[in-house]
Amino acid sequence: MARFQSSEPVNIPDLAAASHMRVTSFRRHFKEVTGFSPLAFQRHIRLLEARKLLAGGSTNVSRVAYEVGYKSPSQFSREYKSIFGSAPVADLER
(Lines give C-alpha, C1' and ligand atoms only; values in the text may rest on other atoms or scores of the structure.)
Protein backbone atom coordinates (compact mmCIF):
# COMPACT_ATOMS: atom_id res chain seq x y z
CA MET A 1 0.00 0.00 0.00
CA ALA A 2 1.30 3.45 -0.90
CA ARG A 3 2.14 5.85 1.91
CA PHE A 4 0.27 9.16 1.96
CA GLN A 5 2.41 12.28 1.54
CA SER A 6 0.54 15.50 2.27
CA SER A 7 2.64 17.46 -0.22
CA GLU A 8 1.91 15.10 -3.13
CA PRO A 9 -1.26 15.47 -5.23
CA VAL A 10 -4.02 13.04 -4.39
CA ASN A 11 -4.91 10.65 -7.19
CA ILE A 12 -8.51 9.72 -6.45
CA PRO A 13 -8.80 7.01 -9.13
CA ASP A 14 -5.72 5.26 -7.71
CA LEU A 15 -7.07 5.45 -4.15
CA ALA A 16 -10.43 4.15 -5.30
CA ALA A 17 -8.80 1.27 -7.18
CA ALA A 18 -6.66 0.40 -4.15
CA SER A 19 -9.87 0.29 -2.11
CA HIS A 20 -11.61 -1.87 -4.73
CA MET A 21 -14.25 0.83 -5.25
CA ARG A 22 -15.48 3.00 -8.06
CA VAL A 23 -14.45 6.65 -7.79
CA THR A 24 -17.93 7.93 -6.92
CA SER A 25 -18.39 5.28 -4.26
CA PHE A 26 -14.94 5.98 -2.82
CA ARG A 27 -15.67 9.72 -2.56
CA ARG A 28 -19.01 9.09 -0.89
CA HIS A 29 -17.58 6.65 1.66
CA PHE A 30 -14.56 8.86 2.31
CA LYS A 31 -16.81 11.82 3.08
CA GLU A 32 -19.04 9.71 5.33
CA VAL A 33 -16.03 8.66 7.39
CA THR A 34 -14.04 11.91 7.49
CA GLY A 35 -16.60 14.64 6.90
CA PHE A 36 -14.40 15.90 4.05
CA SER A 37 -14.07 15.17 0.36
CA PRO A 38 -10.68 13.57 -0.39
CA LEU A 39 -9.25 16.83 -1.75
CA ALA A 40 -10.64 18.92 1.12
CA PHE A 41 -9.15 16.40 3.56
CA GLN A 42 -5.73 16.71 1.92
CA ARG A 43 -5.99 20.51 2.02
CA HIS A 44 -6.88 20.35 5.72
CA ILE A 45 -3.93 18.03 6.46
CA ARG A 46 -1.57 20.33 4.54
CA LEU A 47 -2.77 23.35 6.49
CA LEU A 48 -2.41 21.55 9.83
CA GLU A 49 1.15 20.57 8.88
CA ALA A 50 1.87 24.17 7.85
CA ARG A 51 0.58 25.45 11.17
CA LYS A 52 2.84 23.00 12.97
CA LEU A 53 5.84 24.15 10.91
CA LEU A 54 5.06 27.82 11.59
CA ALA A 55 4.70 27.17 15.32
CA GLY A 56 7.94 25.20 15.26
CA GLY A 57 9.95 28.20 14.20
CA SER A 58 9.94 28.12 10.40
CA THR A 59 11.13 31.49 9.21
CA ASN A 60 9.39 31.89 5.89
CA VAL A 61 5.71 31.53 5.02
CA SER A 62 6.39 30.94 1.31
CA ARG A 63 8.83 28.15 2.11
CA VAL A 64 6.25 26.50 4.38
CA ALA A 65 3.62 26.79 1.63
CA TYR A 66 5.90 24.99 -0.83
CA GLU A 67 6.94 22.38 1.75
CA VAL A 68 3.36 21.30 2.33
CA GLY A 69 2.57 21.15 -1.38
CA TYR A 70 1.15 24.51 -2.39
CA LYS A 71 2.34 25.97 -5.67
CA SER A 72 1.08 29.45 -4.83
CA PRO A 73 1.90 31.20 -1.53
CA SER A 74 -1.05 33.56 -2.04
CA GLN A 75 -3.49 30.64 -2.38
CA PHE A 76 -1.88 29.05 0.69
CA SER A 77 -2.36 32.27 2.68
CA ARG A 78 -6.02 32.60 1.63
CA GLU A 79 -6.84 29.01 2.56
CA TYR A 80 -4.86 29.20 5.80
CA LYS A 81 -6.73 32.32 6.88
CA SER A 82 -10.08 30.81 5.95
CA ILE A 83 -9.41 27.73 8.13
CA PHE A 84 -7.58 29.28 11.10
CA GLY A 85 -8.97 32.83 11.10
CA SER A 86 -5.61 34.58 10.84
CA ALA A 87 -2.93 34.92 8.20
CA PRO A 88 0.02 32.52 8.40
CA VAL A 89 2.39 35.42 8.99
CA ALA A 90 0.45 36.22 12.20
CA ASP A 91 1.03 32.67 13.46
CA LEU A 92 4.67 32.91 12.41
CA GLU A 93 5.12 36.02 14.55
CA ARG A 94 3.59 34.43 17.68
Pick from 20, 44, 29 the residue whose mean-square fluctuation is largest in a GNM of the chain, springs joining Cα atoms under 10 Å.
20
Extending each Cα 7 Å along its Cβ direction at residue 17 and residue 31, get the distance between those two points in nm, one decimal.
2.4 nm
Accessible area expressed per residue, the chain, with surrounding protein chains retained (probe 1.4 Å, Å²)
68 Å²
Expressed as a percent, the accessible surface of the chain that is carbon or sulfur, using a 1.4 Å probe and the full set of protein chains, is 54 percent
Hull volume in cubic angstrom per residue (convex hull over the Cα atoms of the chain)
101 Å³
Need the full-extension length gain, residue 81 to residue 66, defined as separation in residues times 0.36 nm minus the C-alpha distance. One decimal, nm.
3.7 nm
Would you list, by chain and number, the lysines whose Cα falls below 20 Å from the Cα of residue 81, excluding same-chain residues fewer than 8 positions away?
52, 71
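The values are calculated or read from the model by the stated rules, or taken from the named source; none is laboratory data. The shown structure was predicted, so the numbers you read here are calculated from the model rather than taken from an experiment. No Cβ is skipped: glycine too gets one built from the backbone with ideal geometry, and neighbour counts run over all protein chains shown. These area figures cover heavy atoms from the full protein model, side chains too; ligands, DNA and RNA do not enter into them. Shrake-Rupley method; radii C 1.70, N 1.55, O 1.52, S 1.80 Å.
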